[in-house]
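Visitor: Below is the structure I would like to discuss, written out as structure tokens.
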Amino acid sequence: MQQGSDYFNGLGSVQCTSGRYKAKEVCLNNQTGAGYVIYGTQVVNAPATATVLCRTGNSGLSVAAVTDPPDSGLTGCVSWTEWVTQGSNLFYGRGQAQCDTGRYRVKSLCKNEQTGDYYILYGTQAVTAPSAVSITCNTGNTAQIVQAVADPAATGLAGCMTWSAWIVQGSTLYYGRGSAQCDSGRYQARLACHNVQTGQDYVVYAPVVTAPATSTGTCLSGNSATAVTTQAA
């Protein structure tokens, strides 16, 4: 949205087929690289459109509808990643999560850009909605996926993340690897693998683990992991 010649704002709009709601938006300060959440004040009935506006000069990353009155439990969670630079040699990925209701902390899937390895980090700070909570990856590493984690933890299989990577070891050994990690429950990663030479597809099941451990499996040498899912055990 442009107002005049000097003011550029991220305008977000939501429209639902039923219910009563307002809008919220994840905004980005383009000068600092920091994100934040802002709620609209206008409450509408479906199918009307609710809008929200970021601060002057900031852009919108995502928009969501917020039920009015709010639901109970952990609801309306959004998350985003940031790249933080401090000085000339300190930089790292940061993840933030924010929900409309409930109590929660945050976890992030981080990536070591030098080695290509992935790892999960949990934040230790728990907050109550609508506060945002953040977590930082190790220096030089990026935040890939961010999620809110219920506090206290949910029961059953909950809060699962999956990811895949192409592993190269030396000049002749390379293969697809897939992982799954959850906040609670017992589970294993299920890899859909593809033989790039023959075109054959097959499935690999990784070892069964208990949360918050990571279940990791590998495809055969030279084969890629085309999809990774979590399977309850």
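Visitor: Taking segment 178-199 on its own, how many of its residues are among the charged types (D, E, K, R), part of a strand (DSSP E or B) and either within 20 Å of the chain's Cα centre (by Cα) or more than 18 Å from Ile120 (Cβ to Cβ) (or both)?
Guide: 1
Yes/no matrix, rows are residues, columns are (1) assigned by TED's automatic domain parsing to the domain that holds Val14; (2) small (Gly, Ala, Ser):
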| residue | (1), (2) |
| --- | --- |
| Asn58 | yes, no |
| Val63 | yes, no |
| Ser72 | no, yes |
| Asn89 | no, no |
| Arg94 | no, no |
| Ala97 | no, yes |
| Thr101 | no, no |
| Lys107 | no, no |
| Gly116 | no, yes |
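Visitor: Among residues belonging to segment 124-152 that are surrounded by fewer than 14 Cβ atoms within 10 Å (Cβ to Cβ) and of a type outside the set (S, T, N, Q), point out the one that is nearest to Lys111 (Cα to Cα).
Guide: Gly140
Visitor: Without any contact (Cβ under 8 Å) to a residue 60 or more places away in the chain, hydroxyl-bearing (Ser, Thr, Tyr) and surrounded by 14 or more Cβ atoms within 10 Å (Cβ to Cβ) - does that describe any residue in segment 190-207?
Guide: Within segment 190-207, not a single residue is without any contact (Cβ under 8 Å) to a residue 60 or more places away in the chain, hydroxyl-bearing (Ser, Thr, Tyr) and surrounded by 14 or more Cβ atoms within 10 Å (Cβ to Cβ).
Visitor: Still on this structure: Scan segment 155-164 residue by residue and report those that are closer than 15 Å to Ala232 by Cα and either part of a strand (DSSP E or B) or free of Cβ contacts under 8 Å to residues at least 40 places away in the same chain (or both).
Guide: Of everything in segment 155-164, those that are closer than 15 Å to Ala232 by Cα and either part of a strand (DSSP E or B) or free of Cβ contacts under 8 Å to residues at least 40 places away in the same chain (or both) turn out to be Thr155, Gly156, Ala158, Met161, Thr162.
Visitor: Considering only residues that are of a type in the set (A, V, I, L, M), surrounded by fewer than 21 Cβ atoms within 10 Å (Cβ to Cβ) and under 21 Å from Lys24 (Cα atoms), which ones fall in segment 66-113?
Guide: Once the filter is applied, which keeps residues that are of a type in the set (A, V, I, L, M), surrounded by fewer than 21 Cβ atoms within 10 Å (Cβ to Cβ) and under 21 Å from Lys24 (Cα atoms), segment 66-113 yields only Leu74.
Visitor: Criterion first (over 30 Å from Gly170 (Cα atoms) and exposed (fewer than 14 other Cβ atoms within 10 Å of the Cβ)) does Asn45 satisfy it?
Guide: So Asn45 passes the test.
The values are calculated or read from the model by the stated rules, or taken from the named source; none is laboratory data. Being a predicted model, the structure only gives us computed values, none of them experimental. Neighbour counts run over all protein chains shown; Cβ positions are idealised from the backbone, glycine included.
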